Structure formats: C-alpha cells, structure tokens
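The values are calculated or read from the model by the stated rules, or taken from the named source; none is laboratory data. Everything quoted here is computed from the prediction, not taken from an experiment. Here the Cβ positions follow ideal geometry from the backbone for every residue, glycine too, while neighbour counts run over all protein chains shown.
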Amino acid sequence: MRRSLLAVLCMLPLAGQAATPLVHDEVRFAVRMMGAPVEGVFRRVSAQLVFEPAAPQKSQANITIDLNSAELGSDEATAEVKQRDWFDTATYPSARFVSSAVHRLADGTYEVSGRMTLKGRSHDLTVPFRVQTAGQARIFSGSFVLHRLDYAVGSGEWADTSSVGNDVTVRFRFSQPLSNP
Amino acid sequence: MADQQLFQTPKYSHLSIALHWLVALIIVITMPLAWVMTDLPTSPQKLQFYTWHKWLGVTVFLLTVLRVLWRMFKPAPPLSAAIPVWQRHMAAASHVALYLLLFAIPLSGWVMSSAAGFPVVYLSIWQLPDLVGKDKALLETMKNVHGTLADGLLAVLALHTLAALKHHYIDRDDVLVRMLPFLRTR
C-alpha cells in the first residue's frame, strides 16, 4: 500500500498525465580544445516525458544524466572529466534538467524551458527540439549550447577558455514508444 | 693580383639556406618539447605543449615539401672535386635519409592523432582530415614508430652536424661555408 502511494507521489510532479519513460538514444557533447574538437557521450541517461501534441504547453520533461557514465575519446580524458575540476562526480554524480514550460514555435519545432542543475549549480535553460514520428515511436531530438563555466565545469587551471572552450554543444535524441499510434 | 673570382665556392641559394636553418630551428624546439610534454600531468599546459608540438610538426612537413620542390627546380651546388667519393656517397645518403625522416615523422604523428581521435587543427584554424579512424592498437603502434623515427632523426642529425664541423675545422674546406656563407672562406 505504502509503496504504491510512494509511486503515485513520485508521479505528482508530472501530474495530469502518466509520464512515459523515454528510451535514451544518445546524449553527446562536444567542445573545442585549442581549436581541436573533442567529443564525449553519456551512456546512462534516464528521462521521463509527458508530451501532448495537441496541447504542447501541458508537456513536461524530467531528464537525469549519470555523469559517471561519461566517455571521451581517450581513457585519460574519460578519467579526467570525472575529477574535481570537472564534473566532480564523487560529489555530484548526476545532472538534472526539469522543465517548466514547453512552447510550439511557428516553424513546427518546439522549445522547452526549465532548470538545469549541474555540479551543484542551477541555471535556466531553454532547449529547442523537434518531434518526428518513426514507425511506432516518437523521436525527440535537438541540440543546444551550454557554457561550462556557468556550472564551474573545468575550474581552477582549466577555467582559461583558450585551452578548453566555454561553449559546449550538446546533442540529444530520445524515443518514446507510442502505445496508440 | 690573382683573380680570386675564379675560385668562388659554389653556394646554396638564399632560399635554400633560409629554409634549411628555419627547419633546423624548428627541430631544435620540437624535439625537447616532446621530451617535456610526455612527462607532464594532465593540465592545460600539457594540452598546449602537445598542440604546439603538432603545429611545429605540420610546419616542418610543409617546409620540407617546399624544400624538395625548390631543390628539384634549383639543384644543390656540386661538391668540390677534392672531397673523396665515399664522403660524397655518405653526404647524399644522409641527406636523403633526412628528407625521408622529415616527411615520415610528421606523417606518423598525423596518423597517431587520427588514431587517438584527437584531430590536428593547425594554428587552431585548419583541421587536418583524419588519416585513419579511432584505433587504440594502432595508436600504440604509431607511438613506437613516431618515437623510433625521431631517434633515427637524432642520430642522422648528429652525423650531419659532426660531418659539417669536421669539414670546417679538420678538413678546412668550404662545405659548411656553402650553408653558412658569412663564415670566412678557408
């Protein structure tokens, strides 16, 4: 009895509709190091979504990224990114995005506004995305630029943006299985 | 007074001389940079040194292309008849070895960067295409190749330098003057 009550309470932030878990296809990021592109990927991401095509303003998203699942081009870089100057995964094992509003834009794409929490710091973030249907699934994809220094990612000697750029481009893709196409 | 003009030392062109010493200077910087950078802990400085090392390597490659083209257009001046045949052969062989190494070493470095998945962006502007895909095993192999070829370059350079000094101070001939014309003729 208590367990199902707890389950219901967890759903309350996404009340109104049952939130469906999204299949995380990919969340990739890239940054320039002295001009050279460096790419990384997060292997473990969990996402909950309520999406109303007819009434997008009722949509909600809740994304959690396991920062320990980050993988970069080399073992050295993968180990380094979890250290204190970077993600500091020992203290902050995950990053979170919680939406507050979703808008449909004139060109048929969407925009979700919300709060990004990373390394103990929170900032407003607006992310453009588009929705496509492929077979029995709905695909949500898009990309945005995050400023790593806003979240003190790459602090101390790494705060100098001539070594590692401040702009981090994040690309994502999530699928939502459609129960009633 | 005897006509000294009859005994002019044939010299390298100004361009050949300039390119020769420019490449020499770059090598003198690039090699110690490699010895230092590989021992550094992960830091912005390590990233900087690696990046500069790669830029210097690309520059040597480009300058060597230029030098070879120039040499085809304007061949090296002939050595004095007084120099024994075996020394001419040694000179030719070591110069060929140097040109080959100055192509092979930057190339192996380029393959290494490609295999590491960390592309070279020359002067932060020009991204060199990846020669191979990301490959950890190949990366390890190329590290050895790049390092061994660099050791080879060091050995040939030592020979090259000592030979030049031998010609100048022991044989007292004009071999070094050809490349360093400000030296007094013997």
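Would you check if there is a residue in segment B:68-75 being buried (at least 16 other Cβ atoms within 10 Å of the Cβ), in a helix (DSSP H, G or I) and under 19 Å from the mean Cα position of the chain (by Cα)?
yes
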- request: Identify all residues within segment B:155-179 that are free of Cβ contacts under 8 Å to residues at least 60 places away in the same chain and under 14 Å from B:Y12 (Cα atoms); write none if there are none.
  value: B:L176
- prompt: Can you find even one residue in segment A:25-35 that is within 14 Å of another protein chain (Cβ to nearest Cβ), surrounded by 16 or more Cβ atoms within 10 Å (Cβ to Cβ), farther than 27 Å from B:L139 by Cα and in contact with a helix residue (DSSP H, G or I) (Cβ under 6 Å, 6 or more places away or on another chain)?
  reply: no
statement: Of the residues in segment A:36-49, those that are farther than 25 Å from B:P44 by Cβ and either assigned to a strand (DSSP E or B) or within 14 Å of chain B (Cβ to nearest Cβ) (or both) number 5
query: Which of the residues belonging to segment B:123-147 are among the polar types (S, T, N, Q) and either under 20 Å from B:V28 (Cβ atoms) or in contact with a helix residue (DSSP H, G or I) (Cβ under 9 Å, 6 or more places away or on another chain) (or both)?
result: B:S124, B:T141
statement: Scanning segment B:20-47 residue by residue, those surrounded by 17 or more Cβ atoms within 10 Å (Cβ to Cβ) and within 14 Å of another protein chain (Cβ to nearest Cβ) turn out to be B:M37, B:P44, B:K46, B:L47
- prompt: Before we move on, is B:L153 touching a His at 6+ places or on another chain (Cβ under 8 Å), assigned to a helix (DSSP H, G or I) and of a type in the set (A, V, I, L, M, F, W, C)?
  reply: no
- prompt: Any idea which residue in segment B:108-128 is farthest from B:T51 (Cα to Cα), counting only those that are surrounded by fewer than 18 Cβ atoms within 10 Å (Cβ to Cβ) and among the polar types (S, T, N, Q)?
  reply: B:Q127
- request: Give segment A:33-61 a look and list any residue that's at pLDDT 95 or above and basic (K, R), or say none.
  value: A:R43, A:R44
- line: Going through segment B:76-102 in order, the residues found to be assigned to a loop (DSSP other than H, G, I, E, B) and of a type in the set (A, V, I, L, M, F, W, C) are B:A76, B:L79, B:A81, B:A82, B:I83
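Could you run through segment A:50-104 and say how many residues are in a loop (DSSP other than H, G, I, E, B), more than 14 Å from chain B (Cβ to nearest Cβ) and more than 16 Å from A:Q176 (Cβ to Cβ)? Explain how you work it out, then say what you get.
First pass over segment A:50-104, keeping only residues in a loop (DSSP other than H, G, I, E, B): A:51-55, A:59, A:73-74, A:81-93.
Right, trim to more than 14 Å from chain B (Cβ to nearest Cβ) and you get A:51-55, A:59, A:87-93.
Filter again for more than 16 Å from A:Q176 (Cβ to Cβ), leaving A:55, A:87-93.
Result for segment A:50-104: 8.
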query: Between a first residue in segment A:64-92 that is under 21 Å from A:R32 (Cα atoms) and of a type in the set (K, R) and a second residue that is in a loop (DSSP other than H, G, I, E, B) and modelled with pLDDT of 95 or more, which pairs have beta carbons less than 6 Å apart while being 6 or more apart in sequence or on different chains?
result: A:K82/A:T89
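Determine whether A:S163 is under 30 Å from B:Q45 (Cβ atoms) and either within 17 Å of the chain's Cα centre (by Cα) or within 14 Å of another protein chain (Cβ to nearest Cβ) (or both).
Considered against the rule, which asks whether it is under 30 Å from B:Q45 (Cβ atoms) and either within 17 Å of the chain's Cα centre (by Cα) or within 14 Å of another protein chain (Cβ to nearest Cβ) (or both), A:S163 comes out as yes.
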query: If you go through segment B:98-120 one residue at a time, how many are within 11 Å of chain A (Cβ to nearest Cβ) and within 24 Å of A:S162 (Cα to Cα)?
result: 6
- prompt: Counting only residues that are within 20 Å of B:Q48 (Cα to Cα), more than 8 Å from chain A (Cβ to nearest Cβ) and either touching a strand residue (DSSP E or B) at 6+ places or on another chain (Cβ under 6 Å) or not in a loop (DSSP other than H, G, I, E, B) (or both), how many does segment B:121-138 have?
  reply: 2
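Please go through segment A:105-120 and give me each residue that is in a loop (DSSP other than H, G, I, E, B) and among the acidic types (D, E), ordered by number. Even if it seems obvious, please write down each step before you answer.
First, the residues of segment A:105-120 that are in a loop (DSSP other than H, G, I, E, B): A:105-109, A:119-120.
Within segment A:105-120, just A:D107 meets the criteria.
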message: Can you tell me which condition A:A137 does not meet? The list is (1) modelled with pLDDT of 95 or more; (2) closer than 15 Å to A:L49 by Cβ, and all the others hold.
response: (1)
query: In the set B:A158, B:A150, which member is farther than 28 Å from A:S74 by Cα and either modelled with pLDDT of 95 or more or surrounded by 13 or more Cβ atoms within 10 Å (Cβ to Cβ) (or both)?
result: B:A158
